[in-house]
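Structure, as structure tokens:
The values are calculated or read from the model by the stated rules, or taken from the named source; none is laboratory data. Just so it is clear, the structure is predicted and the values come from calculations on it, not from any experiment. Neighbour counts are summed over all protein chains in view; Cβ atoms, including those assigned to glycine, are modelled from backbone coordinates with ideal geometry. To get the accessible areas, we keep the full protein, side chains included, count just its heavy atoms, and leave off ligands, DNA and RNA. Shrake-Rupley method; radii C 1.70, N 1.55, O 1.52, S 1.80 Å.
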Amino acid sequence: MSITPLDRQSPMPLWAQLEAELRRRLDRGEFDAGFPTDTELTEAYEVSRHTVREAVRHLNRSGVLRRERGKGTVVNRSE
């Protein structure tokens, strides 16, 4: 797992940085075995749960991820 730290001095909001970072990691196939929980992302990136949920919400809205009751967040594979 290769985590790129978020830039807290950047004018780009943390959630947008996290969204871009998660897209990069998704493109590399790092989440093929399963997408991390909100808590795992919160701890790994040292951000609030709100920041994680906002980033995941944008990925969900764009169709990259989907949240499933009882399963959590899963990668939306179109194959």
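Restricting the search to the range 25-79, which residues are open to solvent by 20 Å² or more (accessible area, probe 1.4 Å), closer than 15 Å to residue 14 by Cβ and not in a helix (DSSP H, G or I)?
Matches in the range 25-79: 46, 48.
Could you grab me the full set of residues in the range 23-46 that are touching a helix residue (DSSP H, G or I) at 6+ places or on another chain (Cβ under 8 Å) and of a type outside the set (A, V, I, L, M, F, W, C)?
23, 36, 38, 39, 42, 45
This table checks each residue for (1) aliphatic (A, V, I, L, M); (2) on the phi < 0 side of the Ramachandran plot; (3) touching a residue at least 40 places away in the same chain (Cβ under 8 Å).
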| site | (1), (2), (3) |
| --- | --- |
| 22 | yes, yes, no |
| 25 | no, yes, no |
| 42 | no, yes, no |
| 47 | yes, yes, yes |
| 58 | no, yes, yes |
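Please go through the range 1-20 and pick out each residue that is in contact with a Leu (Cβ under 8 Å, 6 or more places away or on another chain) and more than 11 Å from residue 59 (Cβ to Cβ).
6, 8, 14, 17
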